[in-house]
Amino acid sequence: MNTPHSALWQRIQSSGMDVLAVMGMTKNTGKTVTLNHLLAQAASAQMAVGVSSIGRDGEDRDMVFYVPKPPILVWPGTLVATARATLERAKVRYKPVDATGIDSPMGEILVVKVLEYGEMEIAGASRSSDQLKVIGRLKQCGASLVLLDGALGRSHHASPAIANGVILATGAAIGGGMGDVLRKTRDRLAILGLAQADEATRTLCQPVFNQGGVGLWDSRGEVLLLAEMATLNAADTLLRYIESDVHTIAVSGAVGRSLWRALGLLAARQPGLRVVVNDGTKLFVEATDLAQLRKLGAQVLAWRGIHLTGITLNPYSPLGGSFNAEEFLLAARAAFTDYGVSDVMLEQATSQMKETT
């Protein structure tokens with residue numbers, strides 16, 4: 001196999017990352033196509049690659065809309081961590097390599113080495129702690145790069161606690177016109193791309209992210225509160241300090257609507273409030289909410305920033321409303337100048353045309 005290396009693959013290789021998450025804005029935005037592109041590029045580069053998923057992928061049809069889906073295409077030497085039941089339907093030969101001891105609804109997660117090119121369905125571990133174990137096993141079995149496939153409505157595999165790089169797949173399937181898709185993608189990037197806090201702030205907040213829960217500090221850096229608690233239920237606790245000198249708030253877990261409203265009330269009383277969350281995957285709010293908090297003078301920072309390695313595009317929607325691929329690529333590159341934007345299918349077709357002329 002001698003596939004030309006794409007700009008996306010070159011960015012991945014030059015970054016030196018070893019765990020890369022692929023996540024989609026919604027169903028049918030080209031996440032599996034992106035994953036297949038990376039698997040083909042790794043095979044061409046003769047790089048030992050491992051792959052797993054936080055959900056189920058590679059099935060014949062989308063389980064939500066029941067439209068045909070592209071299969072996951074694996075190459076000889078690919079290491080796959082997947083549930084036992086999926087191996088019974090594998091369309092390739094493989095050999096068992098390792099047993100993880102991690103159970104899933106579809107059986108134990110096993111590591112196998114693929115012996116020939118073909119299709120596979122992959123269903124991996126769903127919990128973050130189990131994902132880390134699976135990544136460790138894939139590396140022990142020889143993978144120098146681990147690819148993690150996401151699932152609808154779930155993004156914790158993109159957390160920098162798990163992956164040191166993320167690719168976001170977006171496309172026409174989001175709905176609306178091209179401008180709507182670009183706006184919704186920009187909003188998602190605003191959440192995922194939270195800036196990492198400076199070292200002094202990270203040092204101050206470290207106890208919270210080590211033990212879990214919430215923490216509050218005043219403008220002198222004195223501790224007002226350190227509490228191990230479920231962050232989704234922390235709103236009332238934070239509001240007890242609304243009359244206090246609160247300068248920094250650290251929240252280790254998920255931030256939902258109730259907690260966000262409490263942060264807004266505190267920000268309105270505390271000019272220059274700093275809010276530090278684990279990373280952008282823990283924010284379950286909209287980009288407009290983020291903008292409103294910032295208008296109050298608050299900073300929202302990440303304990304660990306997410307490294308967005310690239311954005312991939314799918315101009316086609318199985319539900320109607322597809323775009324011209326070239327126009328979509330040009331518009332997205334103009335909209336997201338700080339990110340590498342690719343349409344891997346268009347670039348592949350362009351490359352093949354050049355080879356034949």
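The values are calculated or read from the model by the stated rules, or taken from the named source; none is laboratory data. Fair warning: this is a prediction, and the values are worked out from it, not measured in the lab. All Cβ positions, even for glycine, are placed from backbone atoms using ideal geometry, and neighbour counts span all protein chains on display. Just the protein is used for accessible areas: all its heavy atoms, side chains included, with ligands, DNA and RNA removed. Shrake-Rupley method; radii C 1.70, N 1.55, O 1.52, S 1.80 Å.
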All positions within region 180-201 that are touching a residue at least 12 places away in the same chain (Cβ under 8 Å), open to solvent by 50 Å² or more (accessible area, probe 1.4 Å) and not in a loop (DSSP other than H, G, I, E, B): 184, 186, 187, 188, 196
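Identify all residues within region 61-91 that are in a loop (DSSP other than H, G, I, E, B), touching a strand residue (DSSP E or B) at 6+ places or on another chain (Cβ under 9 Å) and either among the acidic types (Asp, Glu) or at pLDDT 95 or above (or both); write none if there are none.
Pass one, region 61-91, residues in a loop (DSSP other than H, G, I, E, B): 62-67, 69-71, 75-78, 88-91.
Now drop any that are not touching a strand residue (DSSP E or B) at 6+ places or on another chain (Cβ under 9 Å), which leaves 62-63, 67, 69, 71, 75-78, 89-91.
Of everything in region 61-91, those that are in a loop (DSSP other than H, G, I, E, B), touching a strand residue (DSSP E or B) at 6+ places or on another chain (Cβ under 9 Å) and either among the acidic types (Asp, Glu) or at pLDDT 95 or above (or both) turn out to be 62, 75, 76, 77, 78.
From the list 206, 196, exactly one residue is over 17 Å from residue 254 (Cβ atoms) and touching a Lys or Arg at 6+ places or on another chain (Cβ under 7 Å). Which is it?
Result: 196 is the single residue among 206, 196 that is over 17 Å from residue 254 (Cβ atoms) and touching a Lys or Arg at 6+ places or on another chain (Cβ under 7 Å).
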Residue match in region 26-42 (condition: in a strand (DSSP E or B) and open to solvent by less than 30 Å² (accessible area, probe 1.4 Å)): no
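Only one residue in 142, 221, 212 is open to solvent by less than 50 Å² (accessible area, probe 1.4 Å) and either farther than 30 Å from residue 108 by Cβ or hydroxyl-bearing (Ser, Thr, Tyr) (or both), so which one is that?
On the way: 142 fails: either farther than 30 Å from residue 108 by Cβ or hydroxyl-bearing (Ser, Thr, Tyr) (or both); 212 fails: either farther than 30 Å from residue 108 by Cβ or hydroxyl-bearing (Ser, Thr, Tyr) (or both).
Exactly one residue qualifies, and that residue is 221.
Here is a check on your reading of the model: is residue 298 in contact with a Phe, Trp or Tyr (Cβ under 8 Å, 6 or more places away or on another chain), among the small types (Gly, Ala, Ser), touching a residue at least 24 places away in the same chain (Cβ under 8 Å) and more than 30 Å from residue 343 (Cβ to Cβ)? Reasoning before the result, please.
On the way: in contact with a Phe, Trp or Tyr (Cβ under 8 Å, 6 or more places away or on another chain): no; among the small types (Gly, Ala, Ser): yes; touching a residue at least 24 places away in the same chain (Cβ under 8 Å): yes; more than 30 Å from residue 343 (Cβ to Cβ): yes.
In short, no.
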Matching residues, region 294-324, being crowded, with 18+ Cβ neighbours inside 10 Å and not in a loop (DSSP other than H, G, I, E, B): 300, 301, 302, 308, 309, 310, 311, 312, 313, 314
Count of region 104-119 residues which are in contact with an Asp or Glu (Cβ under 9 Å, 6 or more places away or on another chain) and open to solvent by 60 Å² or more (accessible area, probe 1.4 Å): 0
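Would you mind listing the strands (runs of 3 or more DSSP E) fully within region 213-285 where at least 1 residues are at pLDDT 95 or above and more than 17 Å from residue 302 (Cβ to Cβ)? Even if it seems obvious, please write down each step before you answer.
Working: elements: 214-217, 223-227, 248-251, 274-277.
Counting at least 1 such residues, we get 214-217, 223-227.
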Total residues in region 92-133, condition over 24 Å from residue 158 (Cα atoms), assigned to a loop (DSSP other than H, G, I, E, B) and basic (Lys, Arg): 1
Output for region 237-266, where each listed residue is without any contact (Cβ under 8 Å) to a residue 24 or more places away in the chain and either exposed (fewer than 14 other Cβ atoms within 10 Å of the Cβ) or within 25 Å of the chain's Cα centre (by Cα) (or both): 240
Residue count for region 88-133, restricted to those that are closer than 13 Å to residue 75 by Cα, touching a Gly at 6+ places or on another chain (Cβ under 6 Å) and among the charged types (D, E, K, R): 1
Which numbered condition residue 166 misses (of (1) crowded, with 22+ Cβ neighbours inside 10 Å; (2) outside any strand (DSSP E or B)): (2)
Test: residue in region 254-266 that is among the charged types (D, E, K, R) and either within 16 Å of residue 226 (Cα to Cα) or touching a Lys or Arg at 6+ places or on another chain (Cβ under 7 Å) (or both): no
